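The values are calculated or read from the model by the stated rules, or taken from the named source; none is laboratory data. None of the values given here were measured: they were computed from a predicted structure. All Cβ positions, even for glycine, are placed from backbone atoms using ideal geometry, and neighbour counts span all protein chains on display. For the accessible areas, the whole protein counts, side chains as well, though only heavy atoms, and no ligand, DNA or RNA atoms are used. Shrake-Rupley method; radii C 1.70, N 1.55, O 1.52, S 1.80 Å.
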Protein chains: 2
Amino acid sequence: MIIAARELFREQGYLGTSFRDVLAESSAPRGSVYFHFPGGKEELGTEVAIAHAAATVADINRAAARATSGAELVRLIILGAGNYLAKSGYRKGCAVTPIVVDVGSSSPALVEVVRRGFEDSISTLAARLVDKGIPGGRARRLAVSALAGMEGALIVARASRSTEAFESLAEDIAELAESAEAANSNHSPRLGRE
Amino acid sequence: MIIAARELFREQGYLGTSFRDVLAESSAPRGSVYFHFPGGKEELGTEVAIAHAAATVADINRAAARATSGAELVRLIILGAGNYLAKSGYRKGCAVTPIVVDVGSSSPALVEVVRRGFEDSISTLAARLVDKGIPGGRARRLAVSALAGMEGALIVARASRSTEAFESLAEDIAELAESAEAANSNHSPRLGRE
């Protein structure tokens, strides 16, 4: 049901997704809603946000294992998100953005779970950029810009049915990562210190 | 009613905003819904998207009149959006993101109006960056990254109740604008050609 809900949130938002839709998509029995989600929709949203954050962290680490530089890492992640959206026919956006947009002002506990997911994704990406030789403070800022940028690109690209926003951000963030890597290796060619 | 709806979309999304809410907020008479919006909610969304795009274009041109460089222009726009969000107690996000997120896959005509709004905002920002001496192709890419980044920062910052995402993006996009301005003035100190 969590997997089905995550896909439905991407496509029709949080308020636009009912338990009835989730049951139909997951072919779970009707009684399982009350059994598994006694806290109702907000509890389902919480589980989706936790699952989404774990998947995002895994995606970042998978890309980091392939990338040979910070610039390549941000390119892989950003362009990967764009490909995912395009392959879905520009239907499947971010699964947690709808939570912020629909109930950001009325469900603080749920939004706090989303915040922790963003924070974990940012920290993970920043740590992998540090591994690739970018100093800590610079890595954090790049990670924040890259992940905020991806969230926005998922909106702009969905409206325009074009991956231009992902390509622009991938180029631009990669350019910054390259500068940061070059500056760091100039300062300390072997130690990679900040 | 359009002004009231735009503010409500920011705070509680598109699906989360009913005509009843809009009437309460705008103190318009009940009959006016059917008179002014015979096309219902989708027509209201269309008017909000058009008004929002016009306001965004005006904001960009207002910032351009104050900024003395492309870097300052992107800083003013991005930090301005962050200040707006923070001043609202992190309640008022983008007014058109909810349209994409809630009905992006089911109301193509409405999403097309949002697409035109994004495109007008991007073209306007790109043109103002060209005015500040950044070559056309580079200006377009920066404008796309800046506006997609702002849309995403409005989500991340709302969840985290912090303006960090705006500050990161403002610094990063301004750094790119500075490089582009410097590269252009090196190539052609007086003509400002691409």
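What does the net charge come to around residue B:91 if you take all other residues with beta carbon closer than 12 Å to its beta carbon, with K and R at +1 and D and E at -1?
Numbers: positive: B:10, B:87, B:92, B:158, B:161; negative: B:7, B:11.
That works out to +3.
Hey, what's the Kirkwood Rh for region B:45-194 if you take every pair of different alpha carbons, in angstrom?
Numbers: mean 1/r = 0.0632 Å⁻¹.
The answer is 15.8 Å.
Find out how many positive minus negative residues lie around residue B:72, taking Lys and Arg as positive, Asp and Glu as negative, among other residues whose Cβ is under 10 Å from that of residue B:72. Show your work: numbers first, answer last.
Values: positive: B:66, B:75, B:132; negative: B:178.
Computed value for this residue: +2.
Size of the dipole of region B:48-194 about the Cα centre, Lys and Arg at +1 and Asp and Glu at -1 on the beta carbon, nothing else charged, in debye to 20?
Once rounded to the nearest 20, the dipole reads 280 debye.
With just the Cα atoms defining each centre, how far is region A:81-134 from region B:80-124? Give it in Å.
Result: 17 Å between the Cα centres.
Filter the cross-link list A:87/A:132; A:41/B:41; B:41/B:92; A:41/A:92 down to pairs whose alpha-carbon distance in this structure exceeds 27 Å.
Values: A:87/A:132 30 Å; A:41/B:41 24 Å; B:41/B:92 20 Å; A:41/A:92 20 Å.
From A:87/A:132; A:41/B:41; B:41/B:92; A:41/A:92, over 27 Å: A:87/A:132.
Calculate for the protein assembly as shown the 222 nm mean residue ellipticity that helices alone would give, adding -39,500 (n - 2.57) per DSSP H run of length 4 or more and normalising by residue count, nearest 500 deg cm²/dmol. Kindly include the intermediate steps, with their values, before the conclusion.
Details: 18 runs with 297 residues, N = 388.
After summing the helix terms and dividing by residue count, I get -25500 deg cm²/dmol.
Dividing the Cα convex hull volume of region A:14-130 by residue count, how many Å³ per residue is that?
Working: hull volume 14.2 nm³, N = 117.
Expressed per residue, the convex hull around the Cα atoms of region A:14-130 is 121 Å³.
Please state, as a whole number in µm²/s, the translational diffusion coefficient that the Stokes-Einstein equation yields for the protein assembly as shown at 25 °C and 0.890 mPa s, with Rh defined as the Kirkwood radius across alpha carbon pairs.
Values: Rh = 21.4 Å.
Translational diffusion coefficient: 115 µm²/s.
How many Cβ atoms of partner chains, on average, are near each residue of B:168-181 if near means within 10 Å of its Cβ? Intermediate results must be reported in sequence, preceding the final value.
Numbers: counts 11, 7, 1, 4, 12, 5, 0, 6, 6, 0, 0, 3, 1, 0.
Mean partner-chain Cβ count within 10 Å for B:168-181: 4.
For chain B, give the percent of accessible area contributed by carbon and sulfur heavy atoms, probe 1.4 Å, rounded to a whole number. Kindly include the intermediate steps, with their values, before the conclusion.
Numbers: 4400 of 8260 Å².
Taking all protein chains in place, chain B shows 53 percent carbon and sulfur surface.
Add +1 for every Lys or Arg and -1 for every Asp or Glu among the other residues with Cβ under 15 Å from the Cβ of residue A:160, and state the total. Intermediate results must be reported in sequence, preceding the final value.
On the way: positive: A:91, A:158, A:161, B:115, B:116, B:140, B:141; negative: A:164, A:167, B:112, B:119, B:120, B:151.
My count for the surroundings of residue A:160 gives +1.
If R₀ is 25 angstrom, what is the calculated FRET efficiency for the pair residue B:24 and residue A:112, using the beta carbon separation as r and rounding to 0.05? All intermediate terms of the calculation are to be shown ahead of the outcome.
On the way: r = 29 Å, r/R0 = 1.15.
After rounding, the FRET efficiency stands at 0.30.
To the nearest 100 Å², how much accessible surface do chains A and B hide from each other in total, with a 1.4 Å probe?
Details: alone 10090 and 10080 Å², together 16530 Å².
When A and B are taken together, about 3600 Å² of accessible area is lost.
Please compute the length gained on full extension between residue A:62 and residue A:162, using 0.36 nm multiplied by the number of residues separating them and subtracting their Cα-Cα distance.
Numbers: separation 100, 0.36 × 100 = 36.00 nm, distance 2.52 nm.
Between residue A:62 and residue A:162, full extension yields 33.5 nm more.
Find the accessible area per residue for chain A; the probe is 1.4 Å, ligands and nucleic acids are left out, and the unit is Å². If you can, show how the numbers build up before the last one.
Numbers: 8260 Å² over 194 residues.
With all protein chains present, chain A gives 43 Å² per residue.
Sort A:53-66, B:134-147 by packing, meaning the average of other beta carbons within 10 Å per residue, with the highest value first. The partial results should precede the final answer.
Numbers: A:53-66: 16.3, B:134-147: 23.7.
My ranking of the peptides, most packed first, is B:134-147, A:53-66.
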